[in-house]
Amino acid sequence: MICPECGEENQDSAKFCKKCGTSLTPVSTIKNDFNSNNSQSSVASSASGGDNKNLIIICLTIIICAVLIAGGFMFLSNGSSNNGASDSVNLADYSDNQNEDINTSTTESEPVAKSSTAGMEILSGTFSTGSSASDKTYCSVYVGEQYSGENVKISVLYSYGGSNLNQGNIVPKTVSSDGYISVPTANALDYYPDHAHITIYDSDGKVLDTQDVSMIDEPGSQSF
């Protein structure tokens, strides 16, 4: 060990310089230096550790904030998407319901198609036969003024003693303004009829009403 005062070399274990007697590096000084160095190192280490901890906390805070923000955007995005889907479904349901209401309303408002001659009946009528052999027999059937102008068809089959006097052809006619349907025979009959079978059809040939009338086998007019 070299003396700091005179520069004399001494043994490492010497406490005092053998030349000038100067104290050589007291233990307390070494300890103090050691402690001082350790303290500075600890302080530096502590400061460094504190800085690292602060940096880690800051990084974690930033990461957590980023995750929360990203989650919030995803939630809002999903919410908007779901709301849009819900709105579209509701709109479709509303549209379907509107269509159903319209269809129902149309169906209910449209009257059921009925024949304008539905319910037509033979209410009364007259026969008229001339005295000449060439005279035709006329039949006039009353069905009601409410059927005035309606197109129908009529057939009148005459007979005498159970034998037919004509063919009872179906003839198209129009109900007169006073509610009558009138039709003559195609030809004069060989005998005065004692029976007539009357049938009225609608314009499509559907039977509306029939009636059998007993007649007096003589010329003139007769009612039923």
- Query: In a shell of Cβ-Cβ distance under 11 Å around L165, excluding L165 itself, what net charge do Lys and Arg (+1) and Asp and Glu (-1) give?
  - Reply: -3
- Item | Kirkwood Rh, angstrom, segment 124-223 [1 / mean 1/r, Cα pairs] | 13.7 Å
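Count charges around T174 for me, please; just the other residues with Cβ under 12 Å from its Cβ, Lys/Arg as +1, Asp/Glu as -1. Working shown, then result.
On the way: positive: K153, K173; negative: E150.
Summing Lys and Arg as +1 and Asp and Glu as -1 gives +1.
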- Query: If the chain between S23 and S203 were fully stretched, how many nm would it gain, using 0.36 nm times the residue separation less the Cα-Cα distance?
  - Reply: 49.8 nm
- Query: Using a simple spin-label model with points 7 Å from Cα along the Cα→Cβ vector, what separation in nm is obtained for N151 and S223?
  - Reply: 3.3 nm
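Pulled fully out, how much extra length does the chain show between S13 and N187, if you take 0.36 nm times their separation in residues and subtract their Cα-Cα distance? Before the final figure, lay out the partial values.
On the way: separation 174, 0.36 × 174 = 62.64 nm, distance 17.22 nm.
My answer for the length gained is 45.4 nm.
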- Task: Describe numerically, in nm with one decimal, the distance between label points set 7 Å from Cα along Cα→Cβ at Y160 and at T210.
- Result: 2.4 nm
- Message: Once you place label points 7 Å from the Cα toward the Cβ at L68 and I2, how far apart are they in nm?
- Response: 6.4 nm
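Every number in this text was worked out from the coordinates using simple rules, so none of it is lab data. Computed from a prediction, not measured in an experiment: that's the story for all the values here. Heads up, the Cβs are rebuilt from the backbone with ideal geometry, glycines too, and the neighbour counts pull from every protein chain shown.
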